[in-house]
Amino acid sequence: MTLTIKPVQPFTPMANPPPEPLLQGQCTIPMQTTKRASGTRAPSKRLVKHLREGRSNKRSLSQLSKRWREYHGSGDWEGLLNPLDEGLRGEIMRYGSFVEAAYQGFDSDTSSPSYAKCRYSRNSILEQAGVDGSGYRVTQNLHATSSIPMPHWMGHIGVQSSWIGYVAVCEDKTEISRLGRRDIVISLRGTSTCSEWLENLRGTLTSCPFNDVNDVKGQEEDSMVESGVLSLYTSSTSVRSSLQQSLKDEILRLVQKYNDEPLSVTITGHSLGASLAILAAYDIKTTVKHALHLSVISFGGPRVGNRSFRHNLELQGTKILRIVNSDDLITKLPGLLVEDHDDMAQGKKARVAHLPRWIQKHVKDNQWVYANIGHELRLSSRASLKLNSIDVATCHDLKTYLHLVNGFELNLPIQAPIQ
């Protein structure tokens, strides 16, 4: 039996239906893409053009600088998700373009000598990926390392450490004024390499090694996270620092540099990158002692921790908005979901949804009891006329998520139906 590892790639739809009408200032995401050769320029300029054009909406322009904290979770997104607030939609699409740049920058060609590395120089990543008009500058490349040793016969395909994203900071004065603060973005792509796929299979929970002592006092359960995600976040080699260390060093440097002005850190990612984003947010909030607004905007993320981990994130004040396609299987993995959300506050023990007690005990003993984390914008491919016949892989694709966010309207609901 041969196991074929396929990196996540933008999809091409089966047909090109007529475009749906858009709201004023709404972004459009081109649904059809072509396979790009290694080293070619990413055809994403259209995305930035529409993002820029969306700023001509005077209402959104005036609101963002005043409401950015609200859009980044200060009020837990109450009243903003259904119908989807136009200012929040613009922010979600904007951060989605940063994740798309992480995919565009990654060399996924296994025949390329630069496989699993960044295809561009640090100073040209955003330009080459088509988001050069963003006002941001990349300050740090990020790499994730697997702790699973790969056999030598796999050659460079079995690479343990690979480029997974970047840190960028907004430096354009006009954009800083529009945003209402200086923003630091951390962008992380999804699973692409063999070692990353193998880490994804390590779906059991393990103790989180960087808990805040004050957070865990009095808790009956340990704060736990997925083993494979933790490995990719904390592992290092003799020549490569861990993702954890690289992130903390760079965020500390930037916070110290800009500590005299309004500052936010926004972590965004898709799939594996969404899980790493939540783990990084918890770690940064625990170790960086600065009054800094930190939020996560993630797309298609799997489960990442148990309810104690979720409780600790809430105690920190870390704000997490998860964009979820209800037809995306990946968002229902790994493990089994804890049914309750409020029982922890009432001192009740965790329960596994709709399972006999003997199965519940087996699941708990083997560390498979996960909890949903943060707040959700839940959408559905099946509710979209364009996407209701797509396959499982496409349901998880980043472009599918951006299309669903872009088409979310009160009169044309792409939100998942209430069960």
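If the limit is 22 Å between Cα atoms, which of Lys285/Lys319; Lys289/Lys332; Lys66/Lys173; Lys257/Lys285; Lys66/Lys257 go over it?
Flagged as over cut-off: Lys289/Lys332; Lys66/Lys257.
Go through 399-405, 75-81 and give me the packing order, highest mean Cβ count within 10 Å leading.
Ranked by mean Cβ neighbours within 10 Å, highest first: 399-405, 75-81.
What are the ³J(HN,Hα) couplings of segment 306-321, residue after residue, when phi is run through the Karplus curve with 6.51, -1.76, 1.60 and θ = phi - 60°? Round to Hz, x for glycine and proline.
Karplus values, whole Hz, x for Gly and Pro: 8, 6, 5, 4, 4, 4, 5, 4, 5, 4, 5, x, 6, 9, 10, 10.
Could you give the length gained on full extension between Lys289 and Thr206, defined as 0.36 nm per residue of separation minus the Cα-Cα distance, in nm?
27.3 nm
List the residues whose amide H sits under 5 Å from the amide H of Glu376, counting only those 5 or more places along or on another chain, with H placed 1.01 Å from N in the peptide plane.
Arg322
Using a ≥ b ≥ c from the Cα gyration tensor of segment 74-217 (square roots of the eigenvalues), is it rounded, prolate or oblate, where a/c under 1.5 gives rounded and otherwise the larger of a/b and b/c decides, a/b for prolate?
Judged from the Cα gyration tensor, segment 74-217 comes out oblate (a/c at least 1.5, b/c at or above a/b).
With no solvent and one point per C-alpha, what does the Debye sum give as log10 I(q)/I(0) for segment 76-138 at q = 0.13, 0.14, 0.15 Å⁻¹?
-0.48, -0.53, -0.58
What distance in nm separates the two pseudo spin-label positions at Val239 and Asn82, each 7 Å out from Cα along the beta-carbon direction?
Taking the two extended label points, one gets 5.2 nm.
Could you calculate the contour length gain from Gln256 to Gln316, that is, 0.36 nm times the residue separation minus the distance between their Cα atoms, to one decimal place in nm?
19.5 nm
Non-local amide H neighbours of Ile148 (under 5 Å, H modeled in plane, Pro and chain starts lacking H): which ones?
none
Which whole-Hz ³J(HN,Hα) couplings does segment 227-242 yield from phi under the Karplus relation 6.51 cos²θ - 1.76 cosθ + 1.60, θ = phi - 60°, glycine and proline marked x?
Karplus values, whole Hz, x for Gly and Pro: 4, x, 5, 4, 4, 5, 7, 9, 6, 9, 10, 5, 10, 9, 5, 5.
Each residue of segment 90-104 in turn: what ³J(HN,Hα) in whole Hz from Karplus with 6.51, -1.76, 1.60 and θ = phi - 60°, glycine and Pro shown as x?
Working through the residues one at a time gives x, 5, 4, 5, 5, 6, x, 5, 5, 5, 4, 5, 5, 5, 5 Hz.
If you roll a 1.4 angstrom probe over the protein chains with everything in place, what fraction of the accessible area of segment 61-107 belongs to carbon and sulfur, to the nearest %?
On the way: 690 of 1470 Å².
On segment 61-107, the fraction of accessible area on carbon and sulfur atoms equals 47 percent.
Quantify, in whole percent, the carbon and sulfur part of the accessible surface of segment 148-194 (1.4 Å probe; protein heavy atoms only).
Here carbon and sulfur together make up 60 percent of the probe-accessible area.
Tell me, what is the FRET efficiency for His375 and Ser121 to the nearest 0.05, using R0 = 30 angstrom and their Cβ-Cβ distance as r?
That pair, His375 with Ser121, gives E of 0.20.
Taking Rh as the Kirkwood radius computed over C-alpha pairs, what is the Stokes-Einstein D of segment 161-287 at 25 °C in a medium of viscosity 0.890 mPa s, expressed in µm² per second? Walk me through the intermediate numbers first.
Working: Rh = 16.0 Å.
In µm²/s, the coefficient is 153.
With every protein chain left in place, what is the accessible area of Arg178 in Å² (1.4 Å probe, nearest 10)?
The value for Arg178 is about 40 Å².
Roll a 1.4 Å probe over the protein heavy atoms and report the accessible area of Tyr136 in Å², nearest 10.
20
Below 11 angstrom from the Cβ of Ile125, what's the summed charge of the other residues (Lys, Arg +1; Asp, Glu -1)? Walk me through the intermediate numbers first.
On the way: positive: Arg119, Arg122, Arg137; negative: Glu127, Asp132.
Around Ile125, the surrounding residues sum to +1.
I need the shape label for segment 225-319. Rule: rounded when a/c is under 1.5, else prolate if a/b > b/c, else oblate, with a, b, c from the alpha carbon gyration tensor.
oblate
Any idea of the accessible area per residue across segment 158-268, 1.4 Å probe, to the nearest Å²?
39
The values are calculated or read from the model by the stated rules, or taken from the named source; none is laboratory data. In this text, all values refer to a predicted model and were calculated from it rather than measured experimentally. With ideal geometry, Cβ positions are generated from the backbone for all residues, glycine too; neighbour counts draw on all protein chains shown. Ligands, DNA and RNA are stripped out before the accessible areas are found, and what is left, the full protein with its side chains, is counted by its heavy atoms. Shrake-Rupley method; radii C 1.70, N 1.55, O 1.52, S 1.80 Å.
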